[in-house]
1. For the stretch 326-341, how many residues meet the condition of being crowded, with 22+ Cβ neighbours inside 10 Å and out of contact with any Phe, Trp or Tyr (no Cβ under 9 Å at 6 or more places or on another chain)?
2. How about the stretch 96-110: which of its residues are among the small types (G, A, S), in contact with a Lys or Arg (Cβ under 9 Å, 6 or more places away or on another chain) and in a strand (DSSP E or B)?
3. So Q83 passes all but one of these: (1) at pLDDT 80 or above; (2) polar (S, T, N, Q); (3) part of a strand (DSSP E or B). Which condition number does it fail?
4. Mind telling me which of the residues G366, G280, G276, G267 ends up being over 21 Å from L430 (Cα atoms) and free of Cβ contacts under 8 Å to residues at least 12 places away in the same chain?
5. Where residues in the stretch 342-355 are of a type outside the set (S, T, N, Q) and crowded, with 16+ Cβ neighbours inside 10 Å, which of them is farthest from L292 (Cα to Cα)?
6. Return yes or no: is G392 of a type outside the set (F, W, Y) and on the phi > 0 side of the Ramachandran plot?
7. Anything in the stretch 227-239 that is over 13 Å from the mean Cα position of the chain (by Cα) and either surrounded by 24 or more Cβ atoms within 10 Å (Cβ to Cβ) or more than 28 Å from D284 (Cα to Cα) (or both)? List them, or say none.
Amino acid sequence: MRSRALLTISLALLGRLDSGAQELLTNGGFDRHLFGWEAETAFQPRFEPGSVEASSEWSASDAGQRQGSGSARFTLVGARGTQERAALYQCVPVEAGRSYVFSARIRIERQIDSTLTLSTRFFADDRCEGTRLATVSAQALPPLCGDFQSTSGEWRDVRRLVTAPEGARRARVALEVAAGAAPTFCAFASVQGLADDVSLQEIEPPSATWVVPASAHLPGAFGSFWTTNLWLANGSGSPGAALLTFSGHGVDGRGRPERLVTVPARGLVRLQDAVGALFGAAADWGAIFATLSPNVSLVAENSTPSCGSGTVGETVPAIGPRDFIGQTPRLIFPVRQNAAFRTNLALANPTEEPLKAHLKLIGADGTVLAEGEVTIPPLGMVQQSEVAAFLGVHELDGGWLEMTSATENARYAAYATLIDNGTNDPRTLLPIAQILGR
């Protein structure tokens, strides 16, 4: 049996983007050769003999396409029945209970029965040795058989939110390629990929859940095509984060994948066509649930190209816990249903239990015109187009909706759009607290 573990190092230059936060990693852009990084390989024969090569070297390719810059290239070629690993790592100080974002840019060109992994392992020992207190990993790809190009040569951002556990003093931050971790039917194991712009920064941890009740990547009435841009703002001196989930409509949203977005200190981030680009929906609409750091704010833009030039649409601020609806009534007005206008209502449930929203439609003179209930699934969204007609009122020049819920511990978000039937242009209607007379 012949085995070989090879680690080669060359030089690269890489500029880095400064988010205004303290960077815990040294030389995360590899612009100072290998300064700050440690390299290692490991080889263990398993079920079948074979030759193995594993390497980590610097490539001229750069995620930001900056002249004179580069990235780390990982290459592994082996046989089934071996376990091979090549890694670059740093051991950096952390503080127990604090939250951090570990991020990198990854481009995997070819992969069989192998992984390229970003990991953060926490230790009480100052040398990152001994018992691990916790491990958070992000696999860029699952270990599948079949030779394929995974990202078509495109760079992808990989981010993980981590919290240092009790007793943690250090974190071992690593980029590593591995193969043959478990028996498979693959005859060979190989991976070739690049890593760049590696970062570990402390952030304000996401805490409160906010809701964008309606978002879309979808054709609509009169030839429209609606998309949603998200804007995240951070006016503080510390970086923050948002954990975003797209729910779809009329379905249980539990278990849907999250997307982590970091917001630099004193920064503004735009996520263009979030439903299509960020969540990969081909034609869908629903709510976006956002767990935000206290220093991060969220606004959505729903828009469609207009008949002439430009766009028409609306701006919808994310609805937060103070504005959720429960047993205390809230109002939306003016509600109109006639030849000139229609009113659509969106309801979103930020809890993990189903609930019933009670709707009462009231005319301009205070007369109760209709009542009804709508069931909202857990972490789900329901839209009632032409909500007055849904409640049985097909002609209404002006009225309001009173919204409550009899479900115990109910909390839901609501907003409506008053739509001009001539131009298809929406106007945002947000719920307000009911003013009770004495």
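The values are calculated or read from the model by the stated rules, or taken from the named source; none is laboratory data. Note that the coordinates shown come from a computational prediction; the quantities given were computed from them, not determined experimentally. Quick reminder, even Gly has a Cβ in these numbers, built from the backbone with ideal geometry, and neighbours come from all protein chains shown.
1. Result for the stretch 326-341: 1.
2. Residues satisfying the conditions are S103, A104.
3. So the condition that Q83 fails would be (1).
4. It is G280.
5. R342
6. yes
7. T228, N234, G235, S236, G237, S238, P239, listed by residue number.
For every residue, the table says whether it meets (1) closer than 18 Å to Y412 by Cβ; (2) under 27 Å from the mean Cα position of the chain (by Cα); (3) in contact (Cβ under 8 Å) with a residue 24 or more places away in the chain.
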position: V299; (1), (2), (3): no, yes, yes
position: G310; (1), (2), (3): no, no, no
position: E314; (1), (2), (3): no, yes, yes
position: A339; (1), (2), (3): no, no, yes
position: H358; (1), (2), (3): yes, no, yes
